[in-house]
Structure formats: structure tokens, C-alpha cells
Amino acid sequence: MKYLVLAAVALAALTGCNSSSKPAPASTNQQAALTGSLPYNPLAWRAVTTWTSPRNGTTSTLYGNDLAVDYARSHADRAYPAGAVLAVVTWKEREDPHWFGARIPSSPQSVEFVTIPFGVGQGPGYQRFEGSPLAEVGSTEAAAQRVGYILAQRAAVIP
């Protein structure tokens, strides 16, 4: 009897470990993907900070290339060095189907780029992309205001 119980336990352990089904992969939020002709892929960069607008139902993340992120995390001013590029990606929000009460990005609303040029005396460059797929829109009167706002964002404190 003792050997029968040991054999049953060993058989159960072996069959439990030999499962042919693989765990389901984590779901990817395809709705939040950036499509269109962008000069850079900001989703490949590191995040500087993020914010939400409950009134507009949007969430935004400020990304930067390595030069911009390193500067933002070590300086409080807005005098980014030449070659730094920042990008604000803004998405509409939607309810998370996997987590009650959570909100996640949905379709991209806009992508804004601020580029710090290498030339002396030149101001930062600004490009804005909107629509689906994302396409560049003409410069607006508010471009200088947006550049100032983006450059003024402080890096989130990361423990």
C-alpha cells in the first residue's frame, strides 16, 4: 500500500510537470501603437515623466533620447544640450479590460517632437503629428508655447 501511494504521487508530479499547454502570452495593447511616418520612434526611448488629463480623457508620456533623459535626470533647468530630442506622445484613455478601475492608453492623439539643434543661436525645432496614421501638421501659433511647456517638464523621481 505504501508503494502504491508513492507511485501515485510520483506519477502525479511527473504528469503535472509535463504539460503540453504553454501559458498564454501577455496581451499587447495594439490600439496604442504609433503608425505613420515619424522622424523617430519615441517608444524605443526612455520615459522622462508622464501625466494625465481627466478632463480630456488623455494620458501623455514625455520620452527622450539618451542625451535628453540623462540631462533631465541630473539638471533642473531647461537648457538641454545640442542633440537632445524630446517627444510627447498623447493617447486617448480607455478602461483596462484586465484590471477593474484602471485606465490604459487607447488610440494615439498626437506626437510632438522638440529637437535641440547643434547650431549656435538657433531655437529648438518643433514638429507635431496627428491623425491615424500619424501625419505632420503645420506649425501653429502655439508652437513656441508648447516648446516651452515640454522643456519645462521635470523628470519623474525614480527610486
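The values are calculated or read from the model by the stated rules, or taken from the named source; none is laboratory data. Everything numeric here is computed off the predicted structure, so don't read it as measured data. Reconstructed Cβ throughout: ideal geometry from the backbone, glycine too, with neighbour counts over all protein chains shown.
Hey, among ALA72, ALA33, which residue is small (Gly, Ala, Ser), under 17 Å from the mean Cα position of the chain (by Cα) and closer than 23 Å to ARG154 by Cβ? Walk me through it before giving the result.
Values: ALA33 fails: closer than 23 Å to ARG154 by Cβ.
Exactly one residue qualifies, and that residue is ALA72.
Please find, within segment 93-126, the residue that is surrounded by the most Cβ atoms within 10 Å (Cβ to Cβ) out of those that are among the polar types (S, T, N, Q) and farther than 21 Å from ARG146 by Cα.
Initial filter on segment 93-126 (among the polar types (S, T, N, Q)): 106-107, 109-110, 115, 122.
Now narrow it down to the ones that are farther than 21 Å from ARG146 by Cα: 106-107.
Details: SER106: 17, SER107: 13.
It comes out as SER106.
Please verify whether PRO42 is surrounded by 13 or more Cβ atoms within 10 Å (Cβ to Cβ), touching a helix residue (DSSP H, G or I) at 6+ places or on another chain (Cβ under 6 Å) and touching a residue at least 60 places away in the same chain (Cβ under 8 Å), treating the condition exactly as stated. I'd like the intermediate steps shown before the answer.
Numbers: surrounded by 13 or more Cβ atoms within 10 Å (Cβ to Cβ): yes; touching a helix residue (DSSP H, G or I) at 6+ places or on another chain (Cβ under 6 Å): no; touching a residue at least 60 places away in the same chain (Cβ under 8 Å): yes.
For PRO42, the condition - surrounded by 13 or more Cβ atoms within 10 Å (Cβ to Cβ), touching a helix residue (DSSP H, G or I) at 6+ places or on another chain (Cβ under 6 Å) and touching a residue at least 60 places away in the same chain (Cβ under 8 Å) - is not met.
So, in segment 133-146, how many residues would count as being part of a loop (DSSP other than H, G, I, E, B) and at pLDDT 90 or above? Steps first, answer last, please.
Pass one, segment 133-146, residues part of a loop (DSSP other than H, G, I, E, B): 133, 138-142.
Next cut, at pLDDT 90 or above only: 133.
Summing the residues that are part of a loop (DSSP other than H, G, I, E, B) and at pLDDT 90 or above in segment 133-146 gives 1.
Scan segment 127-137 for residues that are closer than 12 Å to GLU112 by Cα and loosely packed, with under 15 Cβ neighbours inside 10 Å and jot them down. Walk me through how you get there before you give the answer.
The initial filter retains those residues of segment 127-137 that are closer than 12 Å to GLU112 by Cα, namely 127-130, 134-137.
Listed by number, the residues that qualify are ALA135, VAL137.
May I ask you to verify whether ASP66 is among the acidic types (Asp, Glu), closer than 23 Å to VAL157 by Cα, at pLDDT 95 or above and within 15 Å of the chain's Cα centre (by Cα)? First the steps, then the outcome.
On the way: among the acidic types (Asp, Glu): yes; closer than 23 Å to VAL157 by Cα: yes; at pLDDT 95 or above: yes; within 15 Å of the chain's Cα centre (by Cα): yes.
Yes, satisfied.
Filter the strands (runs of 3 or more DSSP E) completely within segment 81-132 down to those with at least 3 residues that are touching a Phe, Trp or Tyr at 6+ places or on another chain (Cβ under 8 Å) and in contact (Cβ under 8 Å) with a residue 24 or more places away in the chain.
Passing ranges, in order: 85-95, 103-115.
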